[in-house]
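Visitor: Take this structure, written in C-alpha cells, and hold onto it; I'll ask about it next.
The values are calculated or read from the model by the stated rules, or taken from the named source; none is laboratory data. Since the structure is predicted, the reported quantities are computational estimates derived from the model, not experimental observations. Cβ placement follows ideal geometry from the backbone for every residue including glycine, while neighbour counts extend to all protein chains displayed. In case anyone asks, the SASA skips ligands and DNA or RNA and just uses the protein heavy atoms, side chains included. Shrake-Rupley method; radii C 1.70, N 1.55, O 1.52, S 1.80 Å.
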Amino acid sequence: MRTTRNDRILLAHGGGGQLMDDLIRHHILPSLKNDALAGLGDSARLNLASSSVCFTTDSYVVKPLFFNGGDIGKLAVCGTVNDLAVAGSKPVALALSLIIEDGFEFEFLDKILTSIGQAARRSNVEVVTGDTKTVEAGAADKIFINTAGIGQTLAGVDLGFEKIAVGDKIVINGTIGDHGMTIISQRADIKFESQLKSDCAALAGLTCELLENTTGIKFMRDPTRGGLAATLNEISRSTGLSIEVRETDIPIKPVVQAAADMLGFDVLTIANEGKFVAIVSPESADECLNISRNHPLGADAQIIGEVVETHDVPLVELETRIGGKRIVQMPYGRELPRIC
Amino acid sequence: MLDRINKAQKLINSACEALGRRIDIMEVCGTHTVSIFRNGIRSILPESLKLLSGPGCPVCVTDQGYIDTVLNLADRNDCIIATYGDMIRVPGKDHSLETKQAKANVKVVLSSEDALQLAKDNPEHTVVFVAVGFETTAPATAVVVREAAAESIDNFCVLSGHKLVVPAMRALLSGKNDNIDAFLCPGHVSVIIGYGAFAEIVEDFNRPCVVAGFEAVQIVDGLAEICRQLSTGKAELTSVYSAVVSEKGNIAAQQIVDECFEPVDGYWRGLGKIERSTLRLNDKYGQFDAFKRFDISETPSEERKDCRCGEVLCGLIDPPVCGLFGQTCTPQEPVGPCMVSSEGACAAWFKYGREKIHKR
C-alpha cells in the first residue's frame, strides 16, 4: 500500500501547534495512558517513599528499528529500566523523548509507541513526562529515542565496586550474545536467515527479587555494548582484582555461536539487552542461582567464574574448553554499529 | 573431547622431551592462527614448542604496491572499488580505503557475486573487484569472471592479488626462515588443492606437513602428529582432516581456476618476489584484468621501515617484539596489515595475548 503525506510525520508535528497536539493526544497518550502524563504538565510530580533514588538516561538509535524479539521502543524502556535495576533500585518512572525524522510513517511510530506502552506496563513503570521533536529529512535516521528513569533504591541495598573481594562468584542470568547477533543478522547488508532472537527484556522484576531475598550481591551490571568481555574488564579495572571465567560454564545458544563463528565475532564481546552480571559472595551464590533459575528471565543462569587475586596486572582470563587459558580483552569497539 | 586433548598433549610432551630442543611449527592459515589463540592452545603446550603464524592471512601477505594501486584506482571518478571488508582499513601511503569510503566509490562486498552485481547496477562506472585471498577465494573470482564474459559485462574487472600457499612455503624454507621444523597446513586451502599439493615440501625440504581442521582438538591432533614425526626423525605428508580433505582436492574448483588464471611471479609482504606465486587472469579473460585495463605494472612499494609485519609473517619475530605493537599500532589504528585483519598475527596477539597488557 502506498503511503501518503498524511500517513507520515511532518516537520509541523514538532511545531507546537495543532498537529503536535494531535500527535500527542491521538498517538502518544493512548499508548502510554497514566494519570501523571494525562495532565500534560511541564513537569511530572512524583511522590517517592524513599529518600535515595537512582537516576539514569540513555539514548536509542538502533538500526533496524524492528528486530526479532523487540524494537527500538521496547529497547528504550528495557534499557533504562535495566540500568536502574542493576544499580539496586526499583524503577518507578520514565521520561520519554522522541526525535523523529520528517516523513517517518505513522504506522511504524504507532507500533513503537504501543511497544513502549507494553514494555512499561510489564516493568511496572510509568512514562510520566516526555518531549517530541521533529527534524528535517536526513537530519536523523527515522527515529531516535531518549529515555531517562528514576528508581527507588531498595531498602538496605548498597552495591558498588568497592565491595567486591577475592573469592566472589560471578553469576549471569542466561545466554549471551543474543541481542547483538540478532541485530547484525538483520542489518540490510548481511541478511542471513536464522532463529536468532534478541534477549531484550526488563530485568527489574528479577533483580528486585534477588536483592530482597539474598544478602550477598555486591555489584551488578548489564553487559550491553561490548558484551560480557567489556563488563568483566570494567570490574577488573575498577577493583584492581583479576577475574577467571570458564568457557564451558558461559551459556551461549548454538545458533548464536554459529552466527558469530561465521562472521568472525567473539560472542563474549557481543551485546545483550536482557542480561545482568552479578558479583556475589561465595555463600550466597547458590541461593542467587536458584532464585534466578526459578524466574523466567533466569532459567539458564550460571555461575561462570570467580574474582581472583591479581598477580601482575588486573586481567580477565578465560579457561577454554580444552583447558587452555587466554586473556579476554576489553573489546576495542567498532564491532557492530548502532546495536542499541 | 578432553580425553583426546589429553592424549595428544601427552604425545606432544614426550616427543618434545625426547627431542630436547626448541621446535618451530608454522601455521600458514589465518583461521588456524585465530583458533590457536581463541582456544588458548599455546598455554597447554610445552615451552620448547613454538608456534609461528606464517603468511596465511590474505590481507597480511598483500604487498604495499598492490594496496597503493587500489588506493590510486579509488581516486578515479569513473571507478567503483568493490572489496572484501577486511581490506578497507589497510593503510596505504597516505590513506586507507576506509578514509576514501566517504567518497562513496568504495563498496564492501561479501562475495564476488556482489561485486559483479555492483557492475550490473552501475553501468556508467567501471567496477574494480579487489580480489585477494588464497586458493580458497580464487574459484569464486573465476566464476564471476566467466559470468561477466558470458553476459558481456564489460564494466567489470578484477585486480587479482590471489596468492598460492605452496610457493610461499618454498620461499620461506629457501632462505627466509630455515628454522621452521614443520608446517601445520591449512584445512580450507587443502579442500581445494588437495593435501597432495604439499608433497613437494616434504620431498624437497624434508619437513613434516600435516593438514588439520580448525577445531581446537583437530589442531592439537595435528601438532601431535607433527611431534610424532619429528621425534622419530621422519618427515611425512599427513592429513588429520581426512573427513573433509582428499589427496586431489576439489577438481572442479581447480579446473575453473586453471581456465581463468595463470600463475605469475608476484610480490608478497615480507617475502618479496616469489616465482609463480600469484594468480593473474590469462589472455582468454584478459579484458577483465584491471592491470591491463588501466595499464598498471605491479611494482613493489616501500613498506614502513619501523613496521615489522614482514618479519612476523616469516616467523622471525613474535608481534610484541615490534616496537609499534600495542603502542602506535593497535586494531583501532593499525600501522601494518597484520594488525588490521582479525586473522592477522598481530591482531590475535593483541586481542588474546598478555603481552599488550604488559606493555600498557
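Visitor: What residue among A:Pro64, A:Pro314, A:Pro296 has the largest mean-square fluctuation in a Gaussian network model of chain A, using Cα springs under 10 Å?
Guide: A:Pro296
Visitor: Separate question: State the extension gain, in nm to one decimal, for the chain segment bounded by A:Lys63 and A:Asp22, taking 0.36 nm per residue of separation less the distance between their alpha-carbons.
Guide: Details: separation 41, 0.36 × 41 = 14.76 nm, distance 2.74 nm.
Difference between extended and current length: 12.0 nm.
Visitor: For the cross-link pairs A:Lys90/A:Lys163; A:Lys325/B:Lys305; A:Lys133/A:Lys275; A:Lys325/B:Lys50, which exceed 27 Å when the distance is taken from alpha carbon to alpha carbon? Can you show the working numbers first?
Guide: On the way: A:Lys90/A:Lys163 21 Å; A:Lys325/B:Lys305 34 Å; A:Lys133/A:Lys275 31 Å; A:Lys325/B:Lys50 16 Å.
Those over the limit are A:Lys325/B:Lys305; A:Lys133/A:Lys275.
Visitor: Using 0.36 nm times the number of residues separating A:Ala12 and A:Arg122, minus their current alpha carbon distance, what extension gain do you get? Don't skip to the answer; put the middle values down first.
Guide: On the way: separation 110, 0.36 × 110 = 39.60 nm, distance 3.29 nm.
Here the segment from A:Ala12 to A:Arg122 would lengthen by 36.3 nm.
Visitor: OK, next. So how tilted is helix B:2-19 from the main axis of chain B? Cα-based, degrees 0 to 90, rounded to 10.
Guide: 70
Visitor: Of the DSSP beta bridges with both residues in chain B, give the percent that are antiparallel, rounding to the nearest 5.
Guide: Details: 9 of 40 bridges.
Here the antiparallel bridges make up roughly 20 percent for chain B.
Visitor: So with the 1.4 Å probe, I'd like the accessible area per residue for region A:1-137, rounded to whole Å².
Guide: Working: 6880 Å² over 137 residues.
Per residue, region A:1-137 has 50 Å² of solvent-accessible surface.
Visitor: OK, next. Would you mind working out the accessible area per residue for region A:161-327, using a 1.4 Å probe, and quoting it in Å²?
Guide: That works out to 38 Å² for each residue.
Visitor: Just the accessible area per residue of chain B, please: how many Å² with a 1.4 Å probe?
Guide: Details: 14310 Å² over 360 residues.
Per residue, chain B has 40 Å² of solvent-accessible surface.
Visitor: Stretched out fully, how many nm does the piece from A:Tyr332 to A:Ala137 gain, at 0.36 nm a residue minus the Cα gap? It would help to have the intermediate numbers written out before the result.
Guide: Numbers: separation 195, 0.36 × 195 = 70.20 nm, distance 3.25 nm.
Here the answer is 67.0 nm.
Visitor: Choose one answer from B:Gly30, B:Gly286, B:Gly54: the residue with the largest mean-square fluctuation in a GNM of chain B with alpha-carbon springs under 10 Å.
Guide: B:Gly286
Visitor: Chains B and A: buried accessible surface, both sides, probe 1.4 Å, rounded to 100 Å²?
Guide: Numbers: alone 15370 and 15820 Å², together 29040 Å².
Adding both sides of the contact gives about 2100 Å².
Visitor: Calculate, in whole percent, how much of the Cα-Cα pair population of the protein assembly as shown lies beyond 33 Å. Walk me through the intermediate numbers first.
Guide: On the way: 137852 of 244650 pairs.
Of all Cα-Cα distances in the protein assembly as shown, 56 percent exceed 33 Å.
Visitor: Okay, moving on. Given +1 on the Cβ of Lys and Arg, -1 on the Cβ of Asp and Glu, and no further charges, what dipole in debye does region A:40-177 carry about its Cα centre, rounded to the nearest 20?
Guide: With only Lys, Arg, Asp and Glu charged at Cβ, the dipole is about 540 debye.
Visitor: So if we plug the beta-carbon distance of B:Leu316 and B:Glu47 into 1/(1 + (r/R0)^6) with R0 = 22 Å, what FRET efficiency do we get, rounded to 0.05?
Guide: Efficiency for this residue pair is about 0.70.
Visitor: I'd like to know which of A:Gly151, A:Ser115, A:His27 lies farthest towards the positive end of the charge dipole of region A:5-153, counting +1 on Cβ of Lys and Arg and -1 on Cβ of Asp and Glu.
Guide: It is A:Gly151, whose Cα lies furthest towards the positive end.
Visitor: Any idea what the relative contact order of region B:1-306 is, in percent, if you count C-alpha pairs under 8 Å spaced at least 6 apart?
Guide: Across region B:1-306, relative contact order equals 21 percent.
Visitor: For region A:99-255, what does the relative contact order come out to in percent, with C-alpha contacts under 8 Å and a separation of six or more?
Guide: Computed value for region A:99-255: 27 percent relative contact order.
Visitor: Greater than 21 Å separation of Cα atoms is the criterion. Which listed pairs, A:Lys63/B:Lys120; A:Lys142/B:Lys120; A:Lys74/A:Lys197; A:Lys111/A:Lys142; A:Lys63/A:Lys142; A:Lys63/A:Lys111, meet it? List each step's numbers first, then the result.
Guide: Details: A:Lys63/B:Lys120 28 Å; A:Lys142/B:Lys120 30 Å; A:Lys74/A:Lys197 14 Å; A:Lys111/A:Lys142 14 Å; A:Lys63/A:Lys142 10 Å; A:Lys63/A:Lys111 16 Å.
Exceeds cut-off: A:Lys63/B:Lys120; A:Lys142/B:Lys120.
Visitor: If you take the beta carbon distance between B:Asp283 and B:Ala199 as r and set R0 to 35 Å, what does 1/(1 + (r/R0)^6) give as a FRET efficiency, to the nearest 0.05? Before the final figure, lay out the partial values.
Guide: On the way: r = 30 Å, r/R0 = 0.86.
The computed FRET efficiency comes out at 0.70.
Visitor: At a 1.4 Å probe radius, carbon and sulfur cover how many percent of the accessible area of chain B?
Guide: Carbon plus sulfur share of accessible area: 47 percent.
Visitor: Counting only the backbone N, which residues of region B:323-351 are under 14 Å from the spot 7 Å out from the Cα of B:Thr99 toward its beta-carbon?
Guide: B:333-336
Visitor: In region B:231-330, which trypsin sites (Lys or Arg not before Pro) are in a loop and have at most 12 other Cβ atoms within 10 Å, using DSSP for the loop call?
Guide: Values: sites: B:Lys234, B:Lys248, B:Arg269, B:Lys273, B:Arg276, B:Arg280, B:Lys284, B:Lys292, B:Arg293, B:Arg304, B:Lys305, B:Arg308; in loops: B:Lys234, B:Lys248, B:Arg269, B:Arg304, B:Lys305, B:Arg308.
Of the trypsin sites (Lys or Arg not before Pro), the ones in loops of region B:231-330 whose Cβ has at most 12 other Cβ atoms within 10 Å are B:Lys234, B:Lys248, B:Lys305.
Visitor: Roughly how many debye, to the nearest 20, is the charge dipole of chain B about its Cα centre, given +1 on each Lys and Arg Cβ, -1 on each Asp and Glu Cβ, and no other charges?
Guide: Working: 38 positive and 47 negative charges, 251 e Å.
The calculated dipole for chain B is roughly 1200 debye.
Visitor: Over the protein assembly as shown, what is the percentage of antiparallel beta bridges among all DSSP beta bridges, to the nearest 5? Provide the component values of the computation, followed by the final result.
Guide: On the way: 50 of 94 bridges.
The answer is about 55 percent antiparallel.
Visitor: What are the trypsin sites (Lys or Arg not before Pro) within region A:16-110 that DSSP puts in a loop, where the Cβ has at most 13 other Cβ atoms within 10 Å? Mind showing how you got there, number by number?
Guide: Numbers: sites: A:Arg25, A:Lys33, A:Arg45, A:Lys74; in loops: A:Lys33, A:Arg45.
Filter output for region A:16-110: A:Lys33, A:Arg45.
Visitor: So if we plug the beta-carbon distance of A:Leu40 and B:Arg293 into 1/(1 + (r/R0)^6) with R0 = 51 Å, what FRET efficiency do we get, rounded to 0.05?
Guide: Working: r = 66 Å, r/R0 = 1.29.
Efficiency, from the Cβ-Cβ distance: 0.20.
Visitor: If you don't mind, there's one more thing I want to ask. In a GNM of chain B with a 10 Å cut-off on Cα contacts, which of B:Cys157, B:Cys29, B:Cys79 has the highest mean-square fluctuation?
Guide: B:Cys79
Visitor: What is the angle, in °, between the Cα long axis of helix B:64-74 and the longest principal axis of the Cα atoms in chain B? Nearest 10 is fine, range 0 to 90.
Guide: Once rounded, one gets 30 degrees.
Visitor: Something else about it: How far apart, in nanometres, would the label points at B:Glu247 and B:Arg146 be if each is projected 7 angstrom from Cα along the Cα-to-Cβ direction?
Guide: Modelled inter-label distance: 2.7 nm.
Visitor: I've got another one for you. Which whole-number percent is the relative contact order of region A:1-95 (Cα, under 8 Å, 6+ apart)? Present the calculation step by step, with values, prior to reporting the outcome.
Guide: Values: 37 pairs, mean separation 15.1, N = 95.
Relative CO of region A:1-95 lands at 16 percent.
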